[in-house]
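So the structure is just underneath, and the comments pick up after that.
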Amino acid sequence: QVQLVESGGGLVQAGGSLRLSCAASGMTFSIMTLGWYRQAPGKQRELVASISSGGSTNYADSVKGRFTISRDNAKNTVDLQMNNLKPEDTAVYYCNARKVVNWYWGQGTQVTVSS
């Protein structure tokens with residue numbers, strides 16, 4: 001049974017930092033492309049950052065230079081370090097693992113940035 005469990009969300013002031021972590025089980029973690037998505041109220045879910053099985057990363061323009069995605073294949077975890085947070089980063093953040101047509105999602109964790 002595939003599971004993705006996020007942790008690390010919370011309330012932070014603008015300019016602050018948070019680190020999100022996602023623990024995966026029930027999959028061959030090392031071959032999966034991993035990502036963090038977010039969804040703000042009234043908006044579509046959007047890709048924040050992704051990391052391939054080979055370690056290549058991709059970021060949304062809005063977070064480049066502020067967010068860093070990393071993976072630990074030994075621990076089956078993927079993290080998102082978020083620095084210099086802005087109120088517009090407020091959203092529910094979802095962990096994603098995918099391989100070809102198989103997509104898996106975590107339950108989401110709330111990040112709220114106050115101005």
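The values are calculated or read from the model by the stated rules, or taken from the named source; none is laboratory data. In this text the structure is predicted, and so the values were computed from the model without any measurement. Cβ: placed from backbone, ideal geometry, glycine included. Neighbour counts: every protein chain shown. Note: accessible area is taken over every heavy atom of the protein model, side chains too, but ligands, DNA and RNA are not part of it. Shrake-Rupley method; radii C 1.70, N 1.55, O 1.52, S 1.80 Å.
Out of everything in segment 59-83 that is of a type in the set (Gly, Ala, Ser) and open to solvent by less than 50 Å² (accessible area, probe 1.4 Å), what residue ends up being nearest to residue 98 (Cα to Cα)? Working first, answer last.
Here is the first cut: in segment 59-83, the residues of a type in the set (Gly, Ala, Ser) are 60, 62, 65, 70, 74.
Checking which are open to solvent by less than 50 Å² (accessible area, probe 1.4 Å) leaves us with 60, 70.
On the way: 60: 18, 70: 16 Å.
Among residues in segment 59-83 that are of a type in the set (Gly, Ala, Ser) and open to solvent by less than 50 Å² (accessible area, probe 1.4 Å), the one nearest to residue 98 (Cα to Cα) is 70.
Does residue 109 meet the test of being modelled with pLDDT of 95 or more and more than 11 Å from the chain's Cα centre (by Cα)? No, not satisfied.
Given the criteria touching a strand residue (DSSP E or B) at 6+ places or on another chain (Cβ under 9 Å) and modelled with pLDDT under 95, does residue 32 qualify? Break it down into steps so the answer makes sense when it comes.
Working: touching a strand residue (DSSP E or B) at 6+ places or on another chain (Cβ under 9 Å): yes; modelled with pLDDT under 95: no.
Taking the combined requirement at face value, the residue does not satisfy it.
Apart from one condition, residue 7 fits all of (1) surrounded by fewer than 17 Cβ atoms within 10 Å (Cβ to Cβ); (2) over 12 Å from the mean Cα position of the chain (by Cα); the exception is (2). Of the listed requirements (1) open to solvent by 10 Å² or more (accessible area, probe 1.4 Å); (2) in contact (Cβ under 8 Å) with a residue 24 or more places away in the chain; (3) on the phi < 0 side of the Ramachandran plot, residue 46 misses just one: (2).
Taking first residues from segment 100-111 that are at positive phi and partners that are of a type in the set (Phe, Trp, Tyr), the Cβ contacts under 7 Å between residues at least 6 apart in sequence or on separate chains come to 108/93; 108/94.
Filtering segment 18-43 to residues that are open to solvent by less than 60 Å² (accessible area, probe 1.4 Å) and of a type in the set (Ser, Thr, Tyr) leaves 21, 25, 30, 33, 37.
Scanning segment 53-95 for residues that are part of a loop (DSSP other than H, G, I, E, B), within 21 Å of residue 14 (Cβ to Cβ), free of Cβ contacts under 8 Å to residues at least 60 places away in the same chain and polar (S, T, N, Q) yields a single hit, 90.
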